[in-house]
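Single-structure report; data block below.
The values are calculated or read from the model by the stated rules, or taken from the named source; none is laboratory data. These numbers come from a predicted model, not from an experiment. We place every Cβ from the backbone using ideal geometry, glycine too, and count neighbours over all the protein chains shown.
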Amino acid sequence: MITLGTSNARFAGEFPAEPRTVIRVSRDPGRPAGLRRREGFVVHSTDIPDGFACYFLIDGVSPADLDPGSRPVVTLPADFSYLGDGDIVRIEPHRGAARVLFRRSSAMNSFLLTEQCNNYCLMCSQPPRQVDDGWIVDEILAALPLIDPDTPEIMFSGGEPTLLGARFLELVQACKSFLPRTALHVLSNGRSFADPDFAAALGRIGHPDLMVGIPIYSDLADVHDYVVQAEGAFDETILGVLNLKRFKVPVEIRVVLHRQTVDRLPDLAHFITRNLLFVDHVALMGLEWMGFARAHVDLLWVDPVEYQEQLAAAVGTLDRARVNVSIYNSQLCTMDRSLWRFARRSISDWKQEYVPECEGCQVADQCAGFFASASLRYSAAIAPILDPWWMGPFQIGSPERRSR
Ligand code: SF4
């Protein structure tokens with residue numbers, strides 16, 4: 001089990017007075033002295049080097065009878081045993097809590113910037129909350145300089161990250177400064193970029209590898225506004241996409257596939273090719289049964305095999321127009337094989353699972369599999385693929401961008 005949520009931790013010894021401290025993890029007893037002051041050492045033997053900001057004792061990893069002396073010690077449960085060099089952890093001594101913010105070995109690390117949002121989507125996996133969470137920005141600003149500069153990609157999500165205004169821009173600038181080789185994927189509803197000054201300010205930062213992922217759920221404004229539960233959202237979102245492209249910011253359109261969106265999928269594809277042909281990527285995405293989606297199952301559920309015709313038509317329209325299109329979070333056995341080359345293994349590794357029906361499947365290592373939440377509802381058509389002809393000319397796509 002991997003712990004990414006906040007977990008109980010026990011603290012002993014002297015810690016800073018701040019309510020939260022962001023610490024990089026090390027298992028290397030030979031770390032240079034200058035780096036140790038910002039790092040926590042995972043104790044895995046009786047050889048305990050001096051000078052680290054704190055020492056992590058992990059149940060089942062650290063010697064049980066170890067006495068770390070007068071050093072500041074954080075004792076963590078065994079499910080933190082994966083903690084490795086370069087991971088980043090937030091510790092909260094006064095609350096007795098710890099949380100992993102960044103895993104160096106993960107292909108995708110996502111930072112939630114705020115829980116506030118101006119949409120209220122039917123299937124929102126992270127339902128918005130009107131809370132004062134401005135401290136999150138400070139925490140991420142503290143974490144960014146600690147992240148391995150060779151990290152391939154990080155993601156900013158929410159809530160709606162752009163509601164942070166200037167502080168959002170500050171975070172993008174910090175990514176450019178500290179992680180110039182790391183792709184930054186921002187998930188936004190795009191509405192803030194209807195303000196051309198805001199879109200221009202993002203463009204001026206000149207991040208070398210930025211992509212803003214923006215959902216558009218229909219070619220009809222009223223359908224999109226219904227899905228996001230916000231009147232006027234469609235117009236602002238489309239204007240936002242246009243402004244971003246005007247200021248040379250790459251844009252990905254994200255369409256979540258569910259009962260309210262699949263019928264007009266071919267029409268949406270035509271809308272994109274006629275009006276937004278210049279977008280950089282279109283992702284057609286299976287639904288994650290989290291948050292509001294769980295409360296709206298009857299409104300949203302459709303077996304993926306029932307919308308394959310619309311999916312194939314939409315992909316065909318986009319592909320013929322030379323739009324870069326991918327299918328995310330979808331199972332290969334529910335798809336026509338002509339679509340496999342558009343499928344991506346998109347689900348973040350720590351969320352990805354398979355179901356018992358996958359037993360023996362020869363394309364499991366190429367298939368997106370399922371979100372852990374899929375136990376609520378998944379296709380009745382799941383069945384192992386036993387013939388290997390998929391190894392032919394159309395290789396299944398690589399995970400260039402993760403879903404979330
Ligand atoms: S059986 Fe499972 S692993 Fe195989 S294609 Fe279907 S969902 Fe993917």
Worksheet item: How many residues are under 22 Å from Ser125 (Cα atoms) and in contact with a helix residue (DSSP H, G or I) (Cβ under 6 Å, 6 or more places away or on another chain) if we restrict to segment 301-325?
Response: 1
Worksheet item: Taking segment 196-216, which residues are in contact with a Lys or Arg (Cβ under 9 Å, 6 or more places away or on another chain), of a type outside the set (Val, Ile, Thr) and either assigned to a loop (DSSP other than H, G, I, E, B) or farther than 17 Å from Ala269 by Cβ (or both)?
Response: Pro196, Ala199, Ala200, Gly203, Gly206, His207, Pro208, Asp209, Leu210, Met211, Gly213
Practice prompt. Search segment 10-47 for residues being of a type in the set (Val, Ile, Thr) and buried (at least 18 other Cβ atoms within 10 Å of the Cβ), and hand back the single one that is nearest to Ile140 (Cα to Cα).
Written response: Val22
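Can you tell me which residue in segment 326-358 is nearest to Glu306 (Cα to Cα), limited to those that are part of a loop (DSSP other than H, G, I, E, B) and near the ligand (Cβ under 8 Å from one of its atoms)? Please lay out each step first, then the result.
In the first step, residues of segment 326-358 are kept if they are part of a loop (DSSP other than H, G, I, E, B); the result is 329-331, 335-336, 344-351, 354-355.
If we keep only those that are near the ligand (Cβ under 8 Å from one of its atoms) as well, we get 331, 354-355.
Values: Gln331: 13, Tyr354: 21, Val355: 20 Å.
Ranking the qualifying residues of segment 326-358, first place goes to Gln331.
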Discussion item. Going by what's in this entry, would Gly159 be described as small (Gly, Ala, Ser) and surrounded by fewer than 18 Cβ atoms within 10 Å (Cβ to Cβ)?
Written reply: no
Discussion item. I'd like to check something: does segment 100-108 contain any residue that is assigned to a loop (DSSP other than H, G, I, E, B), within 23 Å of Thr151 (Cβ to Cβ) and aliphatic (A, V, I, L, M)?
Written reply: yes
Worksheet item: Given (1) farther than 17 Å from Leu284 by Cβ; (2) at pLDDT 95 or above; (3) away from the ligand (no atom under 13 Å from the Cβ), where does Ala372 come up short, assuming only one miss?
Response: (2)
Response to the item:
Here the residues within segment 307-354 that are crowded, with 20+ Cβ neighbours inside 10 Å and of a type in the set (D, E, K, R) are Arg344, Arg345, Lys351
Worksheet item: Among Leu318, Leu277, which is under 20 Å from Ile214 (Cβ atoms), away from the ligand (no atom under 16 Å from the Cβ) and not in a helix (DSSP H, G or I)?
Response: Leu277
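Has segment 278-296 got any residue that is without any contact (Cβ under 8 Å) to a residue 60 or more places away in the chain and not hydrophobic (A, V, I, L, M, F, W, C)?
Keep residues of segment 278-296 that are without any contact (Cβ under 8 Å) to a residue 60 or more places away in the chain, which gives 278-279, 282, 284, 295.
Now drop any that are not not hydrophobic (A, V, I, L, M, F, W, C), which leaves none.
So far as segment 278-296 goes, no, none of its residues is without any contact (Cβ under 8 Å) to a residue 60 or more places away in the chain and not hydrophobic (A, V, I, L, M, F, W, C).
Could we say that Gly206 is closer than 13 Å to Thr114 by Cβ, surrounded by fewer than 17 Cβ atoms within 10 Å (Cβ to Cβ) and more than 20 Å from the chain's Cα centre (by Cα) here? Talk me through it step by step, then tell me what you get.
On the way: closer than 13 Å to Thr114 by Cβ: no; surrounded by fewer than 17 Cβ atoms within 10 Å (Cβ to Cβ): yes; more than 20 Å from the chain's Cα centre (by Cα): yes.
No; evaluated as a whole, the condition is false for this residue.
Determine which member of the set Val228, Val255, Val249, Val223 is within 25 Å of Ile327 (Cα to Cα), of a type in the set (Val, Ile, Thr) and either touching a Gly at 6+ places or on another chain (Cβ under 6 Å) or outside the structural domain of Asn324 (by TED's automatic domain parsing) (or both).
Of Val228, Val255, Val249, Val223, the one residue that is within 25 Å of Ile327 (Cα to Cα), of a type in the set (Val, Ile, Thr) and either touching a Gly at 6+ places or on another chain (Cβ under 6 Å) or outside the structural domain of Asn324 (by TED's automatic domain parsing) (or both) is Val249.
Of the residues Ser177, Ser188, Ser157, only one is under 20 Å from the mean Cα position of the chain (by Cα), in the same structural domain as Asp235 (by TED's automatic domain parsing) and within 19 Å of Ile88 (Cβ to Cβ); which? Break it down into steps so the answer makes sense when it comes.
On the way: Ser177 fails: under 20 Å from the mean Cα position of the chain (by Cα); Ser188 fails: within 19 Å of Ile88 (Cβ to Cβ).
The unique qualifying residue is Ser157.
Looking at Arg129, Arg95, Arg167, Arg71, which is the one that is of a type in the set (Lys, Arg), at pLDDT below 95 and closer than 30 Å to Tyr217 by Cα? Walk me through it before giving the result.
Values: Arg95 fails: closer than 30 Å to Tyr217 by Cα; Arg167 fails: at pLDDT below 95; Arg71 fails: closer than 30 Å to Tyr217 by Cα.
From the options Arg129, Arg95, Arg167, Arg71, the qualifying one is Arg129.
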